[in-house]
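See structure below.
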Amino acid sequence: SVTAFLTWCIAAGLGACLSDALAVYAHGGEVKRSQFEVAVCGVKFFLPMVSSLPYAAACLKGWRRHVPVHHKAPMLFIFALAFAQALCRRNELDCAAGILVQFGGFLRPSELLRLELGDVVLPEEAPQYGANPTALLALGTPVKGTKVGREQVAHVRHPWAIAALRYLKWRARARGRGTL
């Protein structure tokens, strides 16, 4: 996205002010909002000397108000179960357990893949605050963040997802690895 934006800047002769150039780029009709958001984040990441992009930020704010985000419907449990069952038949037990954990904790794939042993607290390892057993997953820590950039905790209450977490934690310890 950054390369596409910078190529566009050079072709349009807009190299003086990146914030102005980003605003013009957004209104050119060549990019979607998600591509523009990635371009703005990329410019900030790859060009740390650019501390603020006021016009680009205003464009994003207006774009978010004008075109709201359409969230996708989550997968139904029956489909998650069918995927897990098919993976078990192929002897991919870790992946099958991961599907159940991802469904049970409403996790993004990247959040599931970043889980470490210390991020998982099973119901028997912590006092319960209620009648239902709940496992806790630390998704964001001061060292590693999340997509939204803050610390988060996911609650896993489905019994099969908790059982899958137990299995993944046991497998990680057996292999001597820190990640699930």
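Of the residues ALA11, ALA21, ALA73, ALA4, which single one is among the hydrophobic types (A, V, I, L, M, F, W, C), open to solvent by 70 Å² or more (accessible area, probe 1.4 Å), modelled with pLDDT under 85 and over 30 Å from TYR167 (Cα atoms)? Break it down into steps so the answer makes sense when it comes.
Details: ALA21 fails: open to solvent by 70 Å² or more (accessible area, probe 1.4 Å); ALA73 fails: over 30 Å from TYR167 (Cα atoms); ALA4 fails: open to solvent by 70 Å² or more (accessible area, probe 1.4 Å).
That would be ALA11, the only listed residue that is among the hydrophobic types (A, V, I, L, M, F, W, C), open to solvent by 70 Å² or more (accessible area, probe 1.4 Å), modelled with pLDDT under 85 and over 30 Å from TYR167 (Cα atoms).
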Residues that are among the hydrophobic types (A, V, I, L, M, F, W, C), at pLDDT 85 or above and open to solvent by 80 Å² or more (accessible area, probe 1.4 Å): does the range 47-69 have at least one? no
Return the pair list, or none, for Cβ contacts closer than 8 Å from residues in the range 109-132 that are exposed (fewer than 13 other Cβ atoms within 10 Å of the Cβ) to residues that are assigned to a helix (DSSP H, G or I), at least 6 apart or on different chains. PRO109/GLN102
Listed by first then second residue, the pairs whose first member lies in the range 155-180 and is within 18 Å of GLU92 (Cα to Cα) and touching a residue at least 40 places away in the same chain (Cβ under 8 Å), whose partner is surrounded by 14 or more Cβ atoms within 10 Å (Cβ to Cβ) and among the basic types (Lys, Arg), with beta carbons under 7 Å and at least 6 positions apart or on separate chains, are LEU180/LYS169
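The values are calculated or read from the model by the stated rules, or taken from the named source; none is laboratory data. Keep in mind it's a predicted model, so treat the numbers as computed, not measured. Neighbour counts run over all protein chains shown; Cβ positions are idealised from the backbone, glycine included. Heads up: the accessible areas ignore ligands, DNA and RNA and are worked out on the full protein's heavy atoms, side chains in. Shrake-Rupley method; radii C 1.70, N 1.55, O 1.52, S 1.80 Å.
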